[in-house]
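Here the structure comes first, spelled out in structure tokens, and everything after it is commentary.
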Amino acid sequence: MVPIYRKTLANIVVKSWFRFPITHRQSCDFFPVSCKLSAAAKMMSSHVKKAVVFDMGGVIVEQPQIGLKRYTESLGFPGFFLESVMIRGRPDNSFCRLERGELSTSQFFKKFEDECQEAAKAEGLTIPSSFSAESMWREMMGAKPVPSMLKAVATLKQAGLKTCVLTNNFIDDMARNSHHAQFMATTLRNSFDEVIESCRVGLRKPDPEIFKLTCEKLQVKPSEAVFLDDIGQNLKPAKELGFHTILVRDVDKALTELKEATGVDVFIEPRPIAVQPNKVVHCNAQLKKGIRIHYVDYGTGPPVILCHGWPESWYSWRYQIPALGHAGYRVIALDQRGYGDSSNPPEIEAYTQENICKDVVELMDMLGIPQATVVGHDWGGAVVWNLALMYPERIRAVAGLNTPFFPVNPKSNPWHTMQENPGRFDYQMYFQTPGVAEAELEADLEQAFKIMFRSSDPKDRLKSTSNIKVTTSNVRERGGFLVGSPENVPRSVMLTEEDLQYYVQQYKKSGFRGPLNWYRNVEANWNWTKKAAGRKIYAPSLMITAGKDVVLTPESSNHMEKWIPNLTRGHIEECQHWTQVERPKEVNEILIKWLNDVHKGGSNQSNL
């Protein structure tokens, strides 16, 4: 028999339509994707869209055929022989059985090699001895994500549409540090509302039943959904059911059609993906003295502990958790003592920085973490700087958002200084009397959070309803933290309604007593930290300042290089106090670059 590479392409693949390669079949004028819609189908296609369904290979990631072609050429194979074998004998060949979950990859490799030998024999050809179905498969699975499609997914979700991946996939029992498995487990399952794999449901595209199942899972009618695929044959049954279908040949053209179909501008830069509270692992650790610490645990790799500020919760890190996790880090986002689902003892002395830092260290002990990077915002910033100062052997690196490291002055009691000249910290003086601020803030939680959570966006500016300007420096003069703010304040542009309601629900459980008690230990905190007077922080450190924060100003961090020799800086000019929520993309980029530098490039930059 002659070697396979001497056989002409025409003799191999043009004998039968069903053996014609996928990449060419989808562009033929007479292919079913161009069939005419009935009047009813046309009418259904005009319905308001509630969901968008994406194929994976050829839409969310590059076409696997690219890797297949590369492998074919490396062996000297002609044209589309391997692809023709995948088509030959369907729907009962090894490739279709693999996609229905009837075969695993190891079983498929042997059967597919046998099918290749049979096809070659029928053509009078010889398969090169270097051919391996497993090597072919790994080359196909090296397809890279399509960034513009992933951005479109995020934009659609933020516009309120449901998103889904519908993919002819496989059960991989040969995975070893598989890029495909990592992509499925992290990016896809956290980016989409549903991921439907043919191998898990026993159906494969173009079976109409898999499209009906997709609609059931998304709880939409076919006429309310858009489906994108790079193979025309897969689009036909979806279109007949009433889906708006888009054939993906050119990504930009497909996105333009998606924009027209949904009314959502999928070309705009989306906010990073945020975790949903019901789609992350929630853990509780019972520490010494009965304190319970609730935390969210996400990802694998070097541990990064996130410490929130006031009045927040673990949820304030919703944009950082997936980004850091996908970048190769284990993220532990705390509800600190007094907040959310963590313990909230009523005693003021329970909330000293000494006790709160011990919570973090004890949690690390329970989790078997000898060292961690700690990242904090607002009060959480004070916690992480104090951890680096008082427990330096446990801190791999430390980062503060907005909150600078303030070296303790053992000769100057900060409580006395604040009483004499509170300035922009007058609100903290108002917080000192137990019960007063609690009553004001808890009277209408939704209104309180709408007033407090504001961004630097001009749409978020509030006008005072009195002659007194509303600032943090005149709270007692105004008679309350919220006094002077307008009624019926609109929700900030940086919050969704779901975000707002989650904070409300959290504080209905915990109240404000515990969180406000953090402010009532100024002198106790000074007495603890002055034991470390004169010490420097030598751990790799990061300080992120926000240009529009009027309380924790960038200028208040000017002294830090003197006390922290290994300090890196990041600055976001157009940003107020709620930095990781207002500017999540910038925060994620700064954090991940710094973390990767600290860990010597051991983790990859996130695509999100």
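The values are calculated or read from the model by the stated rules, or taken from the named source; none is laboratory data. Quick caveat, the model's predicted, so the values are computed rather than measured. All Cβ positions, even for glycine, are placed from backbone atoms using ideal geometry, and neighbour counts span all protein chains on display. The area values use the complete protein model at the heavy-atom level, side chains included, leaving out ligands, DNA and RNA. Shrake-Rupley method; radii C 1.70, N 1.55, O 1.52, S 1.80 Å.
Here are the numbers for this structure:
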{"quantity": "Computed [θ] at 222 nm, helices only, for the chain once each DSSP H run of length n ≥ 4 contributes -39500 (n - 2.57)", "calculated": "-10500 deg cm²/dmol"}
{"quantity": "Leading residue at positive end of dipole, the chain (Cβ point charges), from PRO64, ILE305, SER510", "calculated": "PRO64"}
{"quantity": "Area accessible to solvent at PHE192, 1.4 Å probe radius, in Å²", "calculated": "10"}
{"quantity": "Label assignment, log10 I(q)/I(0) by the Debye sum over Cα atoms at q = 0.06, 0.12 Å⁻¹ derived from the structure, set (i) -0.37, -1.15; (ii) -0.32, -1.09; (iii) -0.42, -1.16", "calculated": "(iii)"}
{"quantity": "Value of relative contact order over the chain, rounded to a whole percent, pairs C-alpha under 8 Å and six or more apart", "calculated": "12"}
{"quantity": "Spin-label pair THR496/LYS531, simplified geometry with 7 Å Cα→Cβ offset, distance in nm", "calculated": "4.5"}
{"quantity": "Order of exposure, largest accessible area first, which applies to HIS416, HIS599 with probe 1.4 Å", "calculated": "HIS416, HIS599"}
{"quantity": "Among beta bridges that DSSP assigns inside the chain, antiparallel share in %, nearest 5", "calculated": "20"}
{"quantity": "Rounded accessible area per residue of the chain, 1.4 Å, Å²", "calculated": "43"}
{"quantity": "Check: segment 225-324 dipole with +1 on Lys, Arg Cβ and -1 on Asp, Glu Cβ, in debye", "calculated": "700"}
{"quantity": "LYS289-VAL436 pseudo-label distance in nm [points 7 Å out on the Cα-to-Cβ vector]", "calculated": "2.7"}
{"quantity": "Dimensionless Rg over Rh [segment 452-608; C-alpha; Kirkwood]", "calculated": "1.00"}
{"quantity": "Listed residues ILE196, PRO128, THR373: farthest to the positive end of the dipole of the chain (Cβ charges)", "calculated": "PRO128"}
{"quantity": "Taking segment 525-608 and dividing mean pair separation by its residue count, relative contact order in percent (alpha carbons under 8 Å, at least six apart)", "calculated": "27"}
{"quantity": "Electrostatic dipole magnitude of segment 136-282 [Cβ: Lys, Arg +1; Asp, Glu -1; Cα centre; debye, to 20]", "calculated": "260"}
{"quantity": "The chain - percent of accessible surface contributed by carbon and sulfur, probe 1.4 Å", "calculated": "51"}
{"quantity": "Net charge of Cβ neighbours under 10 Å - reference VAL220; Lys, Arg +1; Asp, Glu -1", "calculated": "+3"}
{"quantity": "Solvent accessible area, Å² - VAL264, 1.4 Å probe, full protein context", "calculated": "20"}
{"quantity": "Unit charges on C-beta of K, R, D, E only; dipole of the chain, Debye", "calculated": "620"}
{"quantity": "LYS217 accessible area, 1.4 Å probe, all protein chains in place, Å² to nearest 10", "calculated": "100"}
